[in-house]
Amino acid sequence: MQKVKEKLMRTVFLICACVSILAVVLICVYLFATGVPAMKEIGFTDFLFGQKWKPSSGYFGIFPMIIGSILVTGIAVVVGVPAGILCAVFMAHYCPAWLYRFVKPAVNLLAGIPSIVYGFFGLMVIVPFMKNLFGGSGKSLLTAGILLGIMILPTVIKTTEASLNAVPKSYYEGSLALGATHERSVFFASLPAAKSGILAAIILGVGRAIGETMAVVMVAGNQTILPESITSGIRTMTSNIVMEMGYATGLHQEALIATAVVLFVFILIINLCFSALKRRKD
Amino acid sequence: MTDTADNSVMKAENSAPENYINRVSFTARLKQYARSPLSLILMILVMLSALFAVGMLVFIIIYILVNGIPHLSAEQFSWEYTTENVSMLPAIINTLLMTAMTLLLAVPVGIFAAVYLVEYAKRGSKLVKVIRVATETLSGIPSIVFGLFGFLMFNIQLKWQYSILAGVITLSMMILPLIIRTTEEALLAVPDSYREGSFGLGAGKMRTVFRVILPTAVPGIMSGVILAIGRIVGESAALIFTSGTGHNIPKALIGSGSSASTLTVHMYILSNEGLHTNEAFASAVVLLGLTFIINLISDMVERHIAKKKG
C-alpha cells in the first residue's frame with residue numbers, strides 16, 4: 001500500500017514537472033500552426049519586408065513594426081542601461097547602509113509598478129513634455145524609448161548589483177593598495193570583473209523592452225510607417241497585436257498571429273544568448 | 001555627497017568590511033579628485049544616475065498620488081459599475097478573484113514540479129534538461145504572446161468567450177516558471193541532514209517531502225508566491241483578450257457573463273477612452289498602493305529568511 005502511494009505521488013510530481021513542457025508546446029503549436037501558413041499565404045518576403053500594413057486592402061507587411069520594435073528597444077537600452085549600471089555601482093560601492101535601506105526597496109518598487117501605470121504616466125507627463133519640445137503629437141519613438149528605458153532600469157540595476165557583489169573584494173582592495181582612487185578601483189577593477197553579469201543584465205533588459213506592450217501602445221503613436229526621425233510615431237510588433245486582435249478576422253487575424261511568431265523568434269534568440277552566456281559563466 | 005567622510009564613518013559602524021579600508025577624510029578625498037579628474041567625473045555620474053532612478057520613482061509616486069487621491073470618491077467604490085460612476089470596486093474584486101484562482105492553480109503545480117526536479121529526478125537526466133529549457137523559455141515569453149495564445153485556445157477554440165477562467169489559466173502558465181524557480185531554490189537550501197534524519201527514522205520519501213522538506217522551505221516558497229501575486233496584479237496585456245473587459249464581477253467561470261476586467265485592464269480602458277482621466281488616476285493610486293503592500297510583505301518575508309540563515 002505504502003509503495004503504491006509512493007509511486008503514485010512520484011507520478012503526480014512528474015506530471016506537474018511536465019506541465020511547463022506542455023505549456024511551451026501548446027503555445028508553439030497554436031502560434032506556429034496558424035502563423036506560418038499565414039506567412040506563406042502572404043509570402044515570406046512580403047510579410048517580413050513589406051512596408052505596407054493595410055489589412056483592409058490585403059497588405060500585410062510588418063517591416064515597419066520590426067524596425068519599430070528594434071529602434072524602441074535600442075533607445076531604451078541607451079537610456080536605461082548606463083543609468084542602471086551606474087546606479088548599481090552606487091548601490092554596491094557608494095551607498096551607506098542607512099541609505100541602502102531606502103534605495104533597495106525603492107528599486108524593488110520601481111520593478112513592481114504595473115506597466116499600465118508607467119504607460120499612463122508616460123501619456124500624462126512625457127508625451128506633453130515631448131510635444132512642447134518637438135511639436136507634433138508628442139507620441140513618438142523617442143517617448144516610448146525613454147519610458148521603456150525607465151521601465152528596464154530596475155532589471156538592469158538588480159542584475160548588475162548582484163554581479164558586482166559577486167566580485168571578490170580583493171580586486172577592489174588590491175587596486176586601492178596600488179594607489180588608485182575609489183572610483184578607479186570600482187570602475188577599472190571591480191566593474192570589468194562583473195562583465196558577464198552586466199551583459200546578462202543588458203540582455204534581460206532588452207527582453208523586457210521588446211516584449212513590453214501596454215506602456216508602449218499608449219505613448220508610441222502607433223503609425224504603421226517607417227519612422228522618418230526619432231520624433232515620428234511608431235508601432236511595435238507587440239502593439240500591433242494588442243491594437244488589432246480584438247476585431248481582426250480571417251487572414252488579418254492570422255497575420256497578427258504571424259507577428260507574434262516573429263516576436264517569439266526574437267525572444268527565443270534573446271533567450272539563447274542569455275543561456276549561452278550563463279553556460280559560459282559556469 | 002558633501003559629507004563623504006561622515007558617510008564612511010557611518011558605513012564603518014555598519015561593519016561592512018570594505019569600508020574600513022578606504023576610510024579617507026573629506027579633504028584627502030578632495031585632493032584625490034583634484035589629482036584625478038576622471039574619478040570626479042565618474043563619481044558625479046554615479047550620483048546622478050542614482051538620483052535619476054530614485055528621483056524617477058519619487059516623481060511617479062507623487063505625481064500619481066497628487067492627481068489621484070482627490071478623485072478617490074465614494075462613487076469609485078460602489079458595488080455596481082455603471083458608465084456614470086465607472087466604479088473600480090468590481091475591478092478590485094476581480095483582481096482578488098483572479099489572483100486567488102491563479103495561485104490555486106499554479107502554486108501546487110509549480111511546487112510539485114520543483115519537488116520532482118530537486119528531490120526525485122536523477123541528476124543530468126534528459127527529461128530534466130528538457131523541463132529546464134521549457135521553463136526558461138516560458139519565463140521569457142512576453143505577456144502579449146501569452147494573451148494571444150489564451151485568446152486562440154480558450155476563447156476561440158474552446159468557445160469560452162471572454163471569461164475569467166481563460167485569464168486564470170493563461171496567467172497560471174505565465175507565473176509557473178517563477179514558482180518553480182523560487183521553490184527549487186528554497187528546496188535546495190534545505191540541508192541534506194534533514195532528509196537523512198527523516199530517512200533514518202524510517203520515513204518514506206513522500207512523508208519526508210511533505211512533513212520535513214516542504215515545511216522547512218515555506219518561507220522561500222512564500223517569497224516566490226508574493227512575486228507571483230505582484231505579477232498577476234500588474235498584468236494587463238495577457239488579460240485583455242482572455243478575461244476581457246467585463247466591468248462587473250463575473251457570474252460564471254466561462255461563457256456569457258464571465259468576462260472580468262482586473263484593475264489594470266479597467267485602468268487601461270479608462271485611460272484609453274480619454275474621458276475618465278481622473279478616474280484612471282484614482283485606479284493608479286490603488287494599483288500603486290497594492291504594489292506597495294506586496295513589496296512590503298515581500299521584504300518582510302525576505303528579512304525573515306535572512307534572519308533564519310544568519
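Taken together, the values in this text are just the output of simple stated rules run on the coordinates, not laboratory data. All figures in this text were calculated on a predicted structure; none of them were measured in a lab. All Cβ positions, even for glycine, are placed from backbone atoms using ideal geometry, and neighbour counts span all protein chains on display.
Quick rundown of the values:
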| read-out | value |
| --- | --- |
| Note, ³J(HN,Hα) from phi for the stretch A:97-106, Karplus 6.51, -1.76, 1.60, rounded to Hz, x at Gly and Pro | 4, 5, 7, 4, 4, 9, 5, 4, x, 4 |
| Ordering of A:196-209, A:179-192 by packing [mean C-beta count within 10 Å, highest first] | A:196-209, A:179-192 |
| Lysines whose Cα lies under 16 Å from that of residue A:40, excluding same-chain neighbours fewer than 8 positions away | none |
| Set of lysines near residue A:7 by C-alpha distance (under 30 Å), chain-local residues within fewer than 8 positions excluded | B:122, B:126, B:129, B:205 |
| Hz values of 3J(HN,Hα) by residue in the stretch A:248-255 - Karplus curve (6.51, -1.76, 1.60), Gly and Pro given as x | 5, 9, x, 5, 4, 4, 5, 5 |
| Cα-centre dipole for the protein assembly as shown with unit charges at Cβ (Lys and Arg positive, Asp and Glu negative), debye to 20 | 1940 debye |
| Protection-proxy order for peptides B:121-128, A:148-155, each taking the mean of Cβ atoms within 10 Å per residue, highest first | A:148-155, B:121-128 |
| Kirkwood-type radius of chain A, with distances r between different C-alpha atoms, in Å | 21.4 Å |
| Mean Cβ count within 10 Å, highest first, over the residues of peptides B:34-46, A:92-104, A:1-13 | A:92-104, B:34-46, A:1-13 |
| Average other protein chain Cβ within 10 Å of Cβ, residues A:241-247 | 4 |
| For residues of B:116-129, the mean tally of beta carbons on other chains within 10 Å | 2 |
| The stretch B:74-309, relative contact order [Cα under 8 Å, separation at least 6], % | 27 percent |
| From phi via Karplus (6.51, -1.76, 1.60), per-residue ³J(HN,Hα) for the stretch A:47-57 in Hz, x at Gly/Pro | 6, 6, 10, x, 9, 10, 10, 9, x, 5, 10 |
| Options A:67, A:231, A:261, ranked by Cα towards positive dipole end of chain A, top entry (Cβ charges) | A:261 |
| Centroid-to-centroid separation of the stretch B:33-87 and the stretch A:60-138 [C-alpha atoms, Å] | 12 Å |
| Cβ charges +1 (Lys, Arg) and -1 (Asp, Glu), total dipole of the stretch B:191-309, debye | 700 debye |
| Rough spin-label spacing in nm, given labels placed 7 Å along Cα→Cβ, for residue B:123 and residue A:280 | 2.7 nm |
| Peptide-level mean, for B:226-238, of C-beta atoms on other protein chains within 10 Å | 4 |
| For the protein assembly as shown: rounded, prolate or oblate by the Cα gyration tensor [a/c cutoff 1.5] | oblate |
| Length-normalised contact order of the stretch A:62-281 in % [C-alpha pairs under 8 Å, at least 6 apart] | 31 percent |
| Nitroxide proxy distance, nm - points 7 Å out along Cα→Cβ at residue A:28 and residue B:216 | 3.7 nm |
| Residues whose placed amide H lies under 5 Å from that of residue A:60, excluding near-sequence neighbours | A:54 |
| Residues of the stretch A:143-171 with amide N under 13 Å of the 7 Å Cα→Cβ point at residue A:229 | none |
| Cβ-based charge dipole, the stretch B:73-168, positive-most Cα from B:96, B:163, B:118 | B:118 |
